[in-house]
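Below is one structure, written out as structure tokens; the observations come after it.
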Amino acid sequence: MGTSPSRDITQLLRAWGTGDEHALEELTPLVYDELRKAAKRQMAKERDGHTLQTTALINEVYLRLVNLDDVSWQDRAHFFAICARLMRRILTDYARSRSYLKRGGDARRVTLDEALMVSADPSLDLVALEGALTKLGEVDSRKSSVVELRFFGGLTLKETAAVLKVSADTVTRDWNLAKAWLMREMDGEQRDGF
Amino acid sequence: MDSERWQTVERLYHAVMECEESQRATFLSRACGGDEGLRREVESLVAYGNRAGRFIEGSALGVVAPALARDGGDRQDPTAEECRIVEKMIGKRISQYRIVEQLGSGGMGEVYRAVRADDQYQKQVAIKLVRAGESSGFVIGRFKNERQILANFDHPNIARLLDGGATDEGVPYFVMELVEGQPIDKYCDAHKLGVPARLTLFLQVCSALDYAHQHQIIHRDIKPANILVSAEGVPKLLDFGIAKILDRDVLGGTVGATQTVFRAFTPEYASPEQIKAEPIRPASDVYSLGVVLYELLTGHRPYLFKTRMPSEIEQAICEEEPLKPSTVVTRVEEQTLADGTTTSITPEEISGARGSDPKQMHSRLLGDLDAIVMTALRKEPHRRYASVDDLSEDIRKHLEGLPIAARPSTLAYRGTKFVRRHRELAVSALVFLVLVLLGGLAAIRRLAVGKPGAEPHGEVVRRQLTANAPGNQVTSAAISRDGKYLAYSDQAGKMYLLQIDGGGLRQLPSSDFLPQDWFPDGTHLLVSGRGQHSGLWKMSIGDGTSRKLADSLGLFAEVSPDGSHIAYQKRDVSNDIWLMGADGEEPHRIAEFDARDSIFSFAWGPGGQRLVYVRFRGEFAKREQVIETCDLQGSRALVLASVPRSRSDGATEVWWLPDGRILYTLPDPLSYSDYDIWSVAADPLSGKPLGPPSRLTNGEGAASNFVASADGKRFIYMSTRSNDAVNVGNLDLRAEKFSPRRLTLDVWDNEPFGWTRDSKAVLFQSIRSGRSAILKQRIDQQTPEVLLSGAESYQQPTFSPAGDRFLYTASATLDRHDPSERLESMLVAGGAPTILLAGDYSAP
């Protein structure tokens, strides 16, 4: 099939990182495919009673997409930052496109092509979260990055700290405050005139 | 909030969180020193911080994983839990039935075979459980509404819905007539049914839907899996009414933002209006039928999804134009399966499953069937067949060789005496080879619609050459180099030699061959063989003996001008060109293209040094088609002409005339089955273009197999016109050039209906915001000028013979039988409309 796919993806990621929107068009189907396979593995394990740390799932996706040897270690921080942003973009777009299906609560979603048993969906509205995250980014970009790297990008505390070049403690504090802020934002809580 | 403030908030937040729970309030008050706003801000954040716990501690992927995992539609192996449930069901009683075995799992629940509990040998039924989603109360309530109608459904091709209810555990179920059979697509492939047989089967399905529509039930979920064909060959439609029962959208028509919107259909077969959650109407079923028909005829689906992201599916269905059936069967399509392996759908496979071969498949679908399928697949419901009955009618007409409604009447656009006569011939249900001669159809000059360059550079007259009954149409034809003889084959497999001027006809002794080309000395034919004779052969005209030259499954093969070489396609993968000697010596590949390209046709250049070909890439977003030349070593010259995307359908034919001009066909944007012939000149040695492309003819059928006679005065080609008439056209070509201007109209909401008399602007109809308007656009401008639009809809414009006025209908809505409809006319130049007819009338 010509050049090995993982090399192309690395280049595409780089291109997208420098603002090439067209690269995203090409990336999306490839990444989406891997995400889908990862999700299937996840669901299969859950049904058999295991719960897998889903953050590990995302790492698997990266490994299958890209040959990390192609990414020099100096680049890695930047690389993971791009990956996290990509995940944020793709997963949110995906959730948005599915938003006709279900919103919160315990209403169940069905299409005729679904598998046999329907599991109740987690009640997190990813689209709303992403919107809140954008707002957080306007207030404090580092905290927004922390959430992007950890929640969307699947990085651990330590990895996040390495990417952002701060201490793990800082990341922890950022993470805690960010969570509180986001949760409140999503609840639509009014803040008095600030 | 400014950043200093924020930093304060942050600092305080962390400080508070480090305090003992009980100390927090006092600590905060003190630290804020009276700044109430600050205190409340930090306090609320702390409150949320306490609740945040598991919030986003997983990953975003985890959130969407259940949905993602279900995308792709592939069956997942049942889990242990699922198997246990099924086991428990066996032998259980539901209503008066006892469950015998599981038949399968449908989308929303399992399907079981059951028998009446009291009598083993009586009627068997299928019981479908609705596990996923709705409460039983909701389902049963709905079912009661529909039950009366559905229970009274009595049609041989509909599986009846017998009963419904809920199990002890509260799981809703439906009891249905048991149908054992194969999905219609698998059935047709397994029995290798040809096109007419498939159409006949399809007509039965249509009759079922027509019946249902007359009872106000729209199926909404038509797909091959819902059409099972029994061993006796009787198709039955399943799941009637179930989609409607389960569809929450139907409830009162309002869906609030917080309500569940339940999509009760399979996305790939869903119509655009279903995708967009717009009102469903009978035409939605027509669309889904169109998708099924597309698959039955071509073996491909109209849209290829790479990922299966819902947004991709929705976008494709709502915006992308599928390839025409006759084109898609010439392509090789790669499919990625669930397990990551890829398979290919090839022309060989497709045609084999239809009892045919690649070249025949293409010509079989060209014309009528293209038009029928594409009309059913139109994005706008009102542009499809209005009813399933209309669709059936056209299919029946096609099978009988009569003109179909889906192909625009040439009268409306051309209105010439010749064409009127042609239609009479057509009505007598014959399929022709017609020769178009020089001289005299002045009528063509006086076309009602004056397209620029519409005066063809020659005049086009047609003469009937042969008559074939429908069902035995001409499958392939080749014209001798001197323009004197025509070799052709028919569906029955026979081959004939016709003397074009004298009319003498001789049948060639061999059968099951299709003529591809003549050898220049006129003594031999290059033919391709069917079935066991598959490959390229050299056949003697004299005694019909033939010798095999090569294994070749491609569509095209041609002898070089001097007769020394043959260019051909070797494999069924249509992206290469091979060369061999006239007796089959030294076959080698001279050109290979990207896997996603296909070469639909190619032709030798006059000196025998270059080939011209059409390279086509069929992926939706990147559809493109270019005309290029290459030399015999495969090195490419400049692109000579690149075809506008809206006209790229991959079925362009090319030919290179002795005088250096290259002729090619482009689809007429006004119909699915007519083509224009264009020409571009190029140097036969270097391939360099010698001028811009220009249009030669106005609305031929699909033209192919060009041959110039030796004296250069006569130019003969084949084209299909309405009702599958295959014509041979003869064209005298003058040197005038015409530069086309390209007007790009949106593919799916504008409908051009003609040029103004001064050829400086185009008039078209456009549907915007549910209303139809008539606009005029000057070809040198970007934006159109609105002639007629407003609260009403203006449609069906037709030019007056003089070309200065046009007729149209105005009505309050787009409905077919709107009583407010009026017939009006207006000057093209603008001005007030004149009402001609109002009230109940029939337009001519």
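The values are calculated or read from the model by the stated rules, or taken from the named source; none is laboratory data. Please read these numbers as outputs of a predicted model, since none were measured by experiment. Positions of Cβ are backbone-derived with ideal geometry, glycine not excepted, and every protein chain shown enters the neighbour counts. For accessibility, only protein heavy atoms count, side chains too; no ligands or nucleic acids. Shrake-Rupley method; radii C 1.70, N 1.55, O 1.52, S 1.80 Å.
For B:Phe202, the solvent-accessible surface with a 1.4 Å probe is about 0 Å², rounded to the nearest 10. Each peptide in B:513-523, B:206-216, B:494-504, B:59-69 gets a packing score, the mean of other Cβ atoms within 10 Å over its residues, and the list from highest to lowest is B:59-69, B:513-523, B:206-216, B:494-504.
Ranking B:Cys83, A:Cys83 by solvent-accessible area of protein heavy atoms (1.4 Å probe, all protein chains present), from largest to smallest, gives B:Cys83, A:Cys83. In segment A:72-94, the residues whose accessible area drops by at least 40 square angstrom when the other protein chains are added to the isolated chain are A:Leu91, A:Tyr94; the probe is 1.4 Å and only protein heavy atoms count. Protection proxy ranking of B:221-232, B:187-198, by the mean of other Cβ atoms within 10 Å over each peptide's residues and highest first, is B:221-232, B:187-198.
Per-residue mean of foreign Cβ neighbours for A:38-44 is 6 (Cβ atoms of other chains, 10 Å radius).
Which of the peptides A:140-148, B:560-568 is most tightly packed, and how do the rest follow, going by the mean number of other Cβ atoms within 10 Å of each residue? Write out the running numbers ahead of the final one.
Values: A:140-148: 21.3, B:560-568: 19.6.
Averaged packing, sorted descending, gives the order A:140-148, B:560-568.
Surface exposure of segment B:567-617, expressed per residue as accessible area with a 1.4 Å probe, stands at 32 Å².
Across peptide A:22-35, the average count of Cβ atoms from other chains found within 10 Å of a residue's Cβ is 3. Any idea of the total accessible area buried by the B-A contact, 1.4 Å probe, rounded to 100 Å²? The B and A chains share an interface burying roughly 6800 Å².
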